[in-house]
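Participant: This is the structure I have questions about; it appears just below.
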Amino acid sequence: MLKVLVLGSSGALGREVYKELKKIHNIKIFHSGLRKRKIDILQITKFRKFILSINPNLIINCIAHTNIEQCEKKKILSKKINFEIVKEIFELKRKKKLHFNFIHFSTDAFYNKTKNKPSKETSKIYLINNYCIHKRMSEIECVKNNGLVFRINFFGKSYNNKTYSDWIYYNFKKGKKIKLFNDVFFNPIRIDSIVKFISSIIINKKYSYNGIYNLGSRDGISKSDFALSFAKKARVINYNYKFIKVNELLKVKRSNNMFMNINKFEKKFKIRLPLIKNEIKNEVKKYL
């Protein structure tokens with residue numbers, strides 16, 4: 001029986017990955033805590049013992065510190081969570097001669113191609129803040145150790161209301177004055193879609209693949225258009241908003257074009273990814 005450990009299972013993505021994989025009958029699923037953590041990942045000795053006690057065949061790493069402002073202010077913490085945890089897992093694997101495959105979720109924030117063209121996995125990346133630097137370091141560690149990396153940007157209704165679609169829905173619904181970025185382009189994907197694809201990859205025993213893959217919607221959209229489309233379909237649209245440039249508002253520099261080319265993923269995993277309009281339409285149903 002395949003033993004799968006989901007790390008970061010108290011977060012929006014990790015929790016849903018755990019819930020989806022729990023439905024598969026021929027695997028035994030473990031987690032690091034659901035609504036709250038049951039293991040402090042920064043206490044390395046306890047963290048090592050936790051992994052050794054399970055001795056998993058597959059680790060799915062959803063651990064991440066994604067608050068970019070906080071990553072900039074607290075560089076050491078960002079490095080520990082976004083990189084050193086991954087490094088520690090592979091060091092433990094070598095020292096204890098463990099045999100497990102590894103799936104890691106990374107970010108589209110590296111990309112910043114001029115014009116609205118999608119970036120391939122081989123496109124130039126931009127390490128413009130601590131978050132990007134540390135996530136890239138973890139990618140390198142994964143690739144060096146034959147891990148499987150998915151660069152993503154997700155949205156969806158979450159239990160802790162921390163996704164972009166949560167922010168859109170509740171701010172529009174409350175009539176708050178909001179600022180929308182009309183110079184940022186991306187191709188996000190629903191949490192539900194990601195967990196469905198991960199489930200398929202495990203069922204079809206493709207989790208032993210390695211390398212970096214872009215995982216997102218087939219087509220791109222600006223963040224402002226995404227927000228207005230989502231709010232309109234969710235029936236909370238109002239006109240208490242204004243457009244603004246991302247790096248005029250936020251202190252820590254961001255990319256403008258995170259639009260990813262997803263052809264490599266589709267070809268390798270034989271999975272056709274969805275259009276962004278359909279992702280929005282399907283997710284809105286959960287808010288209504």
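Participant: Mind listing the phi-derived Karplus ³J(HN,Hα) values for region 59-68, rounded to whole Hz, using 6.51, -1.76 and 1.60 with θ = phi - 60°, and x for any glycine or proline?
Facilitator: For region 59-68, the Karplus-derived couplings read 10, 10, 9, 10, 5, 6, 9, 9, 6, 5 Hz, x marking Gly and Pro.
Participant: Another question, if that's okay. State the extension gain, in nm to one decimal, for the chain segment bounded by S200 and E69, taking 0.36 nm per residue of separation less the distance between their alpha-carbons. Provide the component values of the computation, followed by the final result.
Facilitator: Details: separation 131, 0.36 × 131 = 47.16 nm, distance 3.48 nm.
43.7 nm is the gain from fully extending S200 to E69.
Participant: Sticking with this one: Would you please classify the overall shape of region 107-147 from the alpha carbon gyration tensor, given that a ≥ b ≥ c denote the square roots of the eigenvalues, rounded means a/c under 1.5, and beyond that prolate means a/b larger than b/c while oblate covers the rest?
Facilitator: Working: a/c = 3.31, a/b = 1.56, b/c = 2.12.
The shape class here is oblate.
Participant: Could you give the dipole magnitude of region 47-97 about its Cα centre, charging the beta-carbon of Lys and Arg +1 and that of Asp and Glu -1, in debye to the nearest 20?
Facilitator: 360 debye
Participant: Suppose only helical runs count, i.e. DSSP H with n ≥ 4. What mean residue ellipticity at 222 nm does that imply for the chain under -39500 (n - 2.57) per run, divided by all residues and rounded to the nearest 500 deg cm²/dmol?
Facilitator: Roughly -11500 deg cm²/dmol at 222 nm, from the helical runs in the chain.
Participant: Under a point spin-label approximation (7 Å from Cα along Cα-to-Cβ), what is the N146-K117 distance to one decimal in nm?
Facilitator: Result for the modelled spin labels: 3.6 nm.
Participant: Next question, about the same structure. Run the dipole for the chain about the Cα centre, Lys and Arg Cβ at +1, Asp and Glu Cβ at -1, nothing else charged, and hand back the magnitude in debye, nearest 20. The partial results should precede the final answer.
Facilitator: On the way: 63 positive and 21 negative charges, 80 e Å.
Result for the chain is approximately 380 debye, rounded to the nearest 20.
Participant: Right, here's the next one. Measure out, as a whole number of angstrom, how far apart the alpha-carbon centroids of region 244-288 and region 84-103 sit.
Facilitator: Region 244-288 and region 84-103 have Cα centres separated by 30 Å.
Participant: I would also like to ask the following. Taking θ as phi - 60°, what are the ³J(HN,Hα) couplings along region 133-147 by the Karplus curve (6.51, -1.76, 1.60), each to the nearest whole Hz, with x for Gly and Pro?
Facilitator: 4, 6, 5, 5, 4, 5, 4, 4, 4, 5, 4, 4, 10, 6, x
Participant: Using the beta-carbon distance between M1 and L42 and R0 = 41 Å, what value does 1/(1 + (r/R0)^6) give for FRET efficiency, to the nearest 0.05?
Facilitator: About 0.85, to the nearest 0.05.
Participant: Could you list, in their original order, any pairs among K28/K286; K79/K144; K19/K270; K162/K285; K49/K74 whose Cα atoms are separated by more than 21 Å?
Facilitator: Distance filter (> 21 Å) returns K28/K286; K19/K270; K49/K74.
Participant: Next up: What list of whole percents do you get for P(r) of the chain, with Cα-Cα distances grouped in 5 Å bins up to the one holding the largest distance?
Facilitator: Histogramming the chain at 5 Å steps yields 1, 5, 12, 16, 19, 18, 13, 9, 4, 2, 0, 0 percent.
Participant: How much length is gained if the chain between Y159 and K253 is pulled fully straight, taking 0.36 nm per residue apart and subtracting their Cα-Cα distance, in nm to one decimal?
Facilitator: Net length gain for the segment: 31.0 nm.
Participant: Taking the Cα centre of region 177-266 as origin and charging only Cβ (+1 Lys, Arg; -1 Asp, Glu), how large is the dipole, in debye to the nearest 20?
Facilitator: On the way: 17 positive and 6 negative charges, 57 e Å.
The dipole of region 177-266 has a size of about 280 debye.
Participant: Now, a different point. Give me the extension gain from K242 to N282: residue separation times 0.36 nm, minus the current Cα-Cα distance, reported in nm with one decimal.
Facilitator: Length gained between K242 and N282: 11.8 nm.
Participant: Of Y170, F150, I128, which is farthest towards the positive pole of the chain's charge dipole, taken about the Cα centre with +1 and -1 on the beta-carbons of Lys, Arg and Asp, Glu respectively?
Facilitator: Y170
Participant: Starting at the first residue of region 262-274, write each ³J(HN,Hα) from the Karplus equation 6.51 cos²θ - 1.76 cosθ + 1.60 with θ = phi - 60°, in whole Hz, x for Gly and Pro.
Facilitator: 9, 4, 4, 5, 4, 5, 6, 9, 6, 10, 8, 7, x
Participant: Determine which aspartates and glutamates satisfy two conditions relative to K115: a Cα distance under 13 Å, and not lying fewer than 8 residues away in the same chain.
Facilitator: Cross-link targets: D183.
Participant: I've got another one for you. List the residues whose amide H sits under 5 Å from the amide H of L2, counting only those 5 or more places along or on another chain, with H placed 1.01 Å from N in the peptide plane.
Facilitator: The answer is K28.
Taken together, the values in this text are just the output of simple stated rules run on the coordinates, not laboratory data. These numbers were taken from a predicted model, which means no experiment stands behind them. No Cβ is skipped: glycine too gets one built from the backbone with ideal geometry, and neighbour counts run over all protein chains shown.
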